[in-house]
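Data block below; observations after.
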Amino acid sequence: MIATLPSAWSRLRRIALSRILLAVVAIAPLAACQTRPVQVAQDDESAWYIGAKPDKPFDIPLVDTQRLDPKYRRQQVSYNGPEQPGTIVVDIDKRQLVLVQADGTAMQYGVGVGKAGFSWKGEARVGRKGVWPDWSPTATMVSLHPDLPRTRKGGVDNPLGARALYLYQGNRDILFRIHGTNEPWSIGEQMSSGCVRMLNEDIADLYERVPVGTRVLVKRNGQYRT
């Protein structure tokens, strides 16, 4: 069900103000899904949205995906890679994330990625999942910018969007996330400092498909970062 909800639009209009905070965060060292905001006119921002999908505790603004290159739209594709079904594979160069399925196919999503790619190597796993998660700066960010808020409540204007998958190696949170974004025009671009951003409707779809413990691999130049 799709609804046009004034409350969702008013929140979207407040996103522009949130970019001030994000611009400060973007100059800190790599961590916690920093973003490099792109200036987009407020009227142009609203043109990206066509309605909202009911969700709790906030509704998910739905994007006009016709604005995206077709290769970045959610779709089921043929897949013959060697990974086991249920594996997430992020291709930094293609700006695509796939969830491998058992029937020779994969669910493919467009993503925005870090300019330098991931700084970690090997593989990760989904250590925990969050619905409309709060965002908190890292200790390094706070040390460099003591005026940063210590937490930012979840919502449409939160940098982590509607859902977040928190990546771990062993029992250690490596501070990278696969998460939603309130900047749909950044899909297919190199925007954040290492995290993987998706349309909010896409991360909500992926969230329902993967359990905690899901294996996550990253490719660069056609090779795994091992």
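Please compute P(r) over all alpha-carbon pairs of the range 68-217, binned at 10 Å starting from zero, and give each bin as a whole-number percent.
12, 41, 37, 8, 2, 0
Could you work out the pair-distance distribution P(r) of the range 97-160 from its alpha-carbon pairs, with 10 angstrom bin width and percents rounded to whole numbers?
Percent of pairs per bin, in order: 15, 30, 40, 12, 4, 0.
On a 28 Å Cα-Cα criterion, which of the cross-link pairs K94/K153; K56/K94; K121/K153; K53/K121; K53/K219; K71/K129 come out too long?
Among K94/K153; K56/K94; K121/K153; K53/K121; K53/K219; K71/K129, the Cα-Cα distance tops 28 Å for K94/K153; K56/K94; K121/K153; K53/K121; K53/K219.
Residue-wise, which Karplus ³J(HN,Hα) couplings in Hz belong to the range 78-86, taking 6.51 cos²θ - 1.76 cosθ + 1.60, θ = phi - 60°, and x for glycine or proline?
Computed from phi, the couplings for the range 78-86 are 5, 8, 10, x, x, 6, 6, x, x Hz.
In square angstrom, what is the accessible area per residue of the range 68-217 with a 1.4 angstrom probe?
Heavy-atom SASA per residue in the range 68-217 reads 39 Å².
Per the 1.4 Å probe, what fraction of the accessible area of the range 68-217, in percent, lies on carbon and sulfur atoms?
Accessible surface attributable to carbon and sulfur in the range 68-217 totals 46 percent.
Expressed as a whole number of Å, what is the distance separating the alpha-carbon centroids of the range 165-226 and the range 48-97?
Answer, in whole Å: 11.
Take each of the peptides 147-157, 74-84, average the number of other beta-carbon atoms within 10 Å over its residues, and list them starting from the highest.
147-157, 74-84
The values are calculated or read from the model by the stated rules, or taken from the named source; none is laboratory data. It should be emphasised that the depicted structure is a prediction, and the values quoted were computed from it without experimental measurement. Cβ sites come from the backbone with ideal geometry, for glycine too, and all protein chains shown count toward neighbours. Ligands, DNA and RNA are excluded from the accessible area calculation, which covers all protein heavy atoms including side chains. Shrake-Rupley method; radii C 1.70, N 1.55, O 1.52, S 1.80 Å.
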